[in-house]
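Here's the structure, in structure tokens; my notes come after.
The values are calculated or read from the model by the stated rules, or taken from the named source; none is laboratory data. Just so it is clear, the structure is predicted and the values come from calculations on it, not from any experiment. Neighbour counts run over all protein chains shown; Cβ positions are idealised from the backbone, glycine included. Surface accessibility is based on the protein's heavy atoms, side chains included, excluding ligands, DNA and RNA. Shrake-Rupley method; radii C 1.70, N 1.55, O 1.52, S 1.80 Å.
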Amino acid sequence: MGDTLFAKIIRREIPADIVFEDAHVLAFRDIHPQAPVHVLFVPKRPIATLDDLQPGDAELAGRLLLAAADYARREGFAEAGYRTVINCNQDGGQTVYHIHLHLLAGRALHWPPG
Ligand code: 5GP
């Protein structure tokens, strides 16, 4: 896959408000937040879309989910609730082709989404 905006953020070539990092995952605030809390959890290894995940990526996919859930607990909004979203390809609304998990919280989120 080509070099993406998120690869540049991971390499610190573009600034971002980073809220979590470990050896596998980087998390930073979305530049156009859709809720009071809107954080993107991104694997450091570039995978373009959810459709590109392979069985060997199962651990990495789990790490993204666990990093988001841990963050929600740490920040104190897990009990109130939150939403995680992975947009895939054009109809899913994906605009950056480096897989990422959106974490949205801080207000009541309606369902179904538009
Ligand atoms: P997608 O639409 O691919 O699921 O999500 C991409 C997200 O990246 C969007 O919510 C968008 O606001 C966010 N985004 C786009 N450019 C930047 C940027 O330069 N910095 C940050 N922090 N987020 C960005």
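Numbers below:
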| read-out | value |
| --- | --- |
| Residue of Thr49, Thr95, Thr84 that the Gaussian network model of the chain assigns the largest fluctuation, springs spanning Cα pairs under 10 Å | Thr95 |
| Rounded to whole Hz, the Karplus (6.51, -1.76, 1.60) HN-Hα couplings of region 29-38, x for glycine and proline | 6, 5, 6, 10, x, 9, 7, x, 10, 9 |
| Phi-based couplings in Hz for region 57-70 (Karplus 6.51, -1.76, 1.60; Gly and Pro marked x) | 8, 4, 5, 5, 4, x, 4, 4, 4, 5, 5, 5, 5, 4 |
| Asp91 paired with Glu13, simple spin-label distance in nm, labels 7 Å along Cα-to-beta-carbon | 3.3 |
| Net length gained if the chain between Thr84 and Glu59 were fully extended (0.36 nm per residue, minus Cα distance) | 7.2 nm |
| Ile86 accessible area, 1.4 Å probe, all protein chains in place, Å² to nearest 10 | 60 |
| Accessible surface, region 5-105, averaged per residue in Å² (probe 1.4 Å) | 56 |
| For region 41-51, Karplus couplings with θ = phi - 60° (6.51, -1.76, 1.60), whole Hz, Gly/Pro x | 9, 10, x, 5, 7, x, 10, 5, 9, 4, 5 |
| Of all accessible heavy-atom area on the chain, the percent that carbon and sulfur account for (1.4 Å) | 54 |
| Share of alpha-carbon pairs per 5 Å distance bin for the chain, given as whole % | 2, 11, 22, 25, 21, 13, 4, 0 |
